[in-house]
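**Student:** There's a structure below that I have some questions on.
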Amino acid sequence: MTKHIFVTGGVVSSLGKGLTSASLGMLLEHRGLKVRLQKFDPYLNVDPGTMSPYQHGEVYVLDDGAETDLDLGHYERFTNAPLSRDCNFTTGKIYQSIIQKERRGEYLGQTVQVIPHVTDEIKNAIRKLSGPDVDVIITEIGGTVGDIEGLPYLEAIRQFALDIGKNNCLYIHLTLVPYLKAAGEAKTKPTQTSVGQMRQIGVQPDILVCRTEREMSEEMKQKIALFCNVERRAVIEERDKEFSIYEVPISLSENKLDELIVEKLGLAAQPLDISDWKALLNRLLNPRQEVTVAVVGKYISHSDAYKSIYEALEHAGIAHHSRVIVRRIDSEEIEDGKAEAILAGVDGILVPGGFGYRGIPGKLEAIRYARERGIPFFGICLGLQCAVIEYARNVMGLADANTTEIDQTTRNPVVCLLDEQFSITDMGGTMRLGLYPCKVEEGSLAQRSYGTTEANERHRHRYEFNSAYRARFEENGFRFSGTSPDGQLVEIVELPSHPWFLAVQCHPEFRSKPTRAHPLFASFISAAITHSGN
Ligand code: GLN
């Protein structure tokens, strides 16, 4: 029978429930268990796809095209659990399904209510992931206890233990133990209050994971145990990590969290072996060299807006035993001819995805700088579209070349909408989304990097390279090294005359793991290392 772990959060948001859930998944997998992970987000958007990166950080895309919360990125980077659109539900998605059923008359005349209909819908979503081949489902509840919008989820997980038996469920509550400088001590009261709120709802946490800046004293752990009605060994310290998020599972295992979970849920688990993880951390903490890469984007001020890009760069660093120092550059700061002042000294330039006009001129300048100076350049999605525009304008003399996303009347629409996107008016879930195959040209930089002529990558975009211009680009030294299998859509472009200039229409960053760097990122960092002369 599938067992369930519910992860809730208290005191404040941004405690890292996603990372903790992912770390738990990683530890249980390393004990030979089959794990699934899932997140509920209590907001009303049907998915985060329509939200600004400033609001929500990155939108993380899955193989099946689901646009999801960025915590699912942590789940995929830390575990091998397969993820699908059943792994992320928002209140909007839950209600959308209920309202559709109500309109179809499926409630047979009943009054449709939060309890039982919304809670049933939530419980069904949890059950959906269970199966004979699944040992544990980790369900993360977004938000913080005390939020009005989170109540139906907490009620649903309370009921869940009644449905399947308390022995088959485990409640883990993440809290904050703040250190008060003026008082010179850490405080347990917020944790007590937050657990009190959980108990009022009817959920007694089994394990408390305490986020803290400083080491917690034994006395403090005992106090929390007593006041929060949990065993002393179930008070787990999770101290802030100085170097890397990949330290989190190791420190949780040192605090015996996996042992406790295995025992409490009666799981038939193997002894923990995390030597692979320790090895990657060792590479991360003891690099042989450093390289500096500039990420030139417009959402730089939000630390999570390019989350998977930053992670993928770090993974590529791990693969090369190197530290990748990322210089985050707001593309709006790069004005005409000012690229050198801002970008001097970098060993690689990456232009990530994005939407809309703002920041585009700076991206074009950064690409021109990389192209002219032979600095390794990696363009992703909008980054490819900008690389195409920059080449058309500055090399091919098409001064007004543009994407129709920005200028619908340009005479040279080198990037434009396909017919199938023309008539779409709904914004949600209507882009070209999810995994698509790509045919990679033999002998190209892309093929050498991938080590194969077939790639599969995730997409999230509306606009495409305009194939009517293909021949003219080729005549001018551009190479289209990856296309859809029918050859119609351009997926990868490169410049053979440049040491490393490659751009992709897909989002390879979503398929990179710390234990398995993405081949394009690895190749880019290798070129950056060569450029740096290390
Ligand atoms: N805005 C561009 C498009 O829709 C690029 C999207 C992206 O970078 N994810 O095609």
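The values are calculated or read from the model by the stated rules, or taken from the named source; none is laboratory data. This is a predicted model, so every value here is computed, not measured. Don't worry about glycine lacking a Cβ; one is built from the backbone with ideal geometry, like all the others, and counts go over all protein chains shown. Just so you know, the surface numbers come from the protein's heavy atoms only, side chains and all, with ligands and any DNA or RNA stripped out. Shrake-Rupley method; radii C 1.70, N 1.55, O 1.52, S 1.80 Å.
**Student:** Can you divide the C-alpha Rg of segment 302-416 by 2.2 N^0.38 Å and report the result to two decimal places?
**Tutor:** For segment 302-416, the normalised Cα radius of gyration is 1.10.
**Student:** Starting from the amide H of residue 489, placed 1.01 Å from N in the peptide plane, find each other amide H under 5 Å away whose residue is 5 or more places distant or on another chain.
**Tutor:** Placed amide hydrogens put 484 under 5 Å from residue 489.
**Student:** May I ask you to give the solvent-accessible area per residue for the chain, in square angstrom, as obtained with a 1.4 angstrom probe?
**Tutor:** Here the residues of the chain average 41 Å² of exposed surface.
**Student:** In addition: Taking amide H positions as placed in the peptide plane 1.01 Å from N, state which residues far from residue 501 in sequence (5 or more) or on other chains have amide H under 5 Å from it.
**Tutor:** Answer set, sorted by chain and number: 377, 495.
**Student:** For the chain, give the percent of accessible area contributed by carbon and sulfur heavy atoms, probe 1.4 Å, rounded to a whole number.
**Tutor:** Working: 10400 of 22060 Å².
Roughly 47 percent, rounded to a whole number.
**Student:** Something else about it: Summing Lys, Arg as +1 and Asp, Glu as -1, what charge do residues with Cβ under 12 Å from the Cβ of residue 188 carry, residue 188 excluded? Intermediate results must be reported in sequence, preceding the final value.
**Tutor:** On the way: positive: 187, 189, 221, 223; negative: 185, 219.
Every neighbour counted, the sum reads +2.
**Student:** Residue-wise, which Karplus ³J(HN,Hα) couplings in Hz belong to segment 443-455, taking 6.51 cos²θ - 1.76 cosθ + 1.60, θ = phi - 60°, and x for glycine or proline?
**Tutor:** These are the phi-based 3J(HN,Hα) values: x, 7, 4, 4, 5, 5, 6, 5, x, 7, 9, 10, 10 Hz.
**Student:** What are the equivalent ellipsoid semi-axes of segment 434-534, built from the alpha-carbon gyration tensor (square roots of five times its eigenvalues), in whole angstrom, biggest first?
**Tutor:** Ellipsoid half-lengths, sorted descending, are 22, 18, 11 Å.
**Student:** Give me the Kirkwood hydrodynamic radius of the chain in Å, from all C-alpha pairs, to one decimal place?
**Tutor:** With all distinct Cα pairs of the chain included, I get 24.8 Å.
**Student:** Determine Rg/Rh for segment 211-297; Rg is computed over alpha-carbon atoms and Rh is the Kirkwood hydrodynamic estimate from the same atoms.
**Tutor:** 1.10
**Student:** Here's another thing I want to ask about it. Just for the chain, what percent of DSSP beta bridges are antiparallel, to the closest 5? Don't jump to the answer; show the numbers that get you there.
**Tutor:** Working: 25 of 76 bridges.
Roughly 35 percent of the DSSP beta bridges within the chain come out antiparallel.
**Student:** Can I ask one more? In whole Å, what three semi-axes, largest first, describe the equivalent ellipsoid of segment 233-375 built from its Cα gyration tensor (square root of 5 times each eigenvalue)? Show your work: numbers first, answer last.
**Tutor:** On the way: eigenvalues 327, 59, 26 Å².
For segment 233-375, the semi-axes come out at 40, 17, 11 Å.
**Student:** Let me ask another. Could you point to the residue in 312, 296, 89 farthest towards the positive end of the chain's charge dipole, with +1 and -1 charges on the Cβ of Lys/Arg and Asp/Glu respectively?
**Tutor:** Going by the Cα projections, it comes out as 89.
**Student:** Okay, next question. Need the C-alpha centroid separation for segment 97-122 versus segment 256-275, integer Å.
**Tutor:** Comparing the Cα centres of segment 97-122 and segment 256-275, I get a distance of 39 Å.
**Student:** Related question: Which of the lysines could be linked to residue 307 by a straight reach, that is with a Cα gap under 21 Å, when you skip same-chain ones fewer than 8 residues away?
**Tutor:** List returned: 17, 39, 241, 298, 363, 513.
**Student:** Identify all lysines with a Cα-Cα distance to residue 256 below 17 Å; exclude those on the same chain that are fewer than 8 residues away in sequence.
**Tutor:** Of all the lysines, those that pass the test against residue 256 - Cα under 17 Å, at least 8 places apart if same chain - are 221, 264, 278.
**Student:** How many angstrom lie between the Cα centre of segment 200-241 and the Cα centre of segment 476-534?
**Tutor:** 46 Å
**Student:** Starting at the first residue of segment 133-146, write each ³J(HN,Hα) from the Karplus equation 6.51 cos²θ - 1.76 cosθ + 1.60 with θ = phi - 60°, in whole Hz, x for Gly and Pro.
**Tutor:** 9, 10, 7, 9, 10, 9, 10, 9, 9, x, x, 10, 4, x
**Student:** Now for a separate question. Based on alpha-carbon atoms only, what is the radius of gyration of segment 125-178 relative to the globular estimate 2.2 N^0.38 Å?
**Tutor:** Here the Cα radius of gyration is 1.27 times the empirical estimate.
**Student:** In straight Cα distance, which lysines are under 17 Å from residue 101, not counting same-chain residues fewer than 8 positions off?
**Tutor:** The reachable lysines, counting only those whose Cα sits under 17 Å from residue 101, are 93, 123.
**Student:** Beta carbons within 10 angstrom, averaged per residue: use that to sort the peptides 272-278, 490-496, highest first.
**Tutor:** Packing proxy ranking, top to bottom: 490-496, 272-278.
**Student:** Over 18 Å apart: what share of the alpha carbon pairs of segment 260-341 falls there, rounded to a whole percent?
**Tutor:** 60 percent
**Student:** Averaged over all directions, how much area does the convex hull of the C-alpha atoms of segment 88-151 cover when projected, in nm²?
**Tutor:** Dividing the Cα hull surface by four gives the mean projection, 5.5 nm².
**Student:** Something else now. Per residue, how much space in cubic angstrom lies within the convex hull of the C-alpha atoms of segment 489-531?
**Tutor:** Spelled out: Cα convex hull of segment 489-531, divided by residues, is 69 Å³.
**Student:** Ordered by residue, what ³J(HN,Hα) values in Hz, to whole numbers, does segment 81-87 give under the Karplus form 6.51 cos²θ - 1.76 cosθ + 1.60, where θ = phi - 60° and Gly and Pro are x?
**Tutor:** 4, x, 10, 9, 5, 7, 9
**Student:** Now a separate question. Which far-off residues, 5 or more places away or on another chain, put their amide H under 5 Å from the one on residue 402, with H placed in the peptide plane?
**Tutor:** When sequence neighbours closer than 5 places are left aside, the close amide H contacts are 412, 414, 415.
**Student:** Next up: Around residue 289, under 14 Å between beta carbons, what's the net of Lys plus Arg minus Asp minus Glu among the other residues?
**Tutor:** Spelling it out: positives minus negatives among the neighbours equals +1.
**Student:** Note down the net charge around residue 101, summing +1 for each Lys or Arg and -1 for each Asp or Glu among other residues with Cβ under 14 Å from its Cβ. Don't skip to the end; give the middle numbers.
**Tutor:** Working: positive: 93, 103, 104; negative: 102, 106, 120, 121.
In short, -1.
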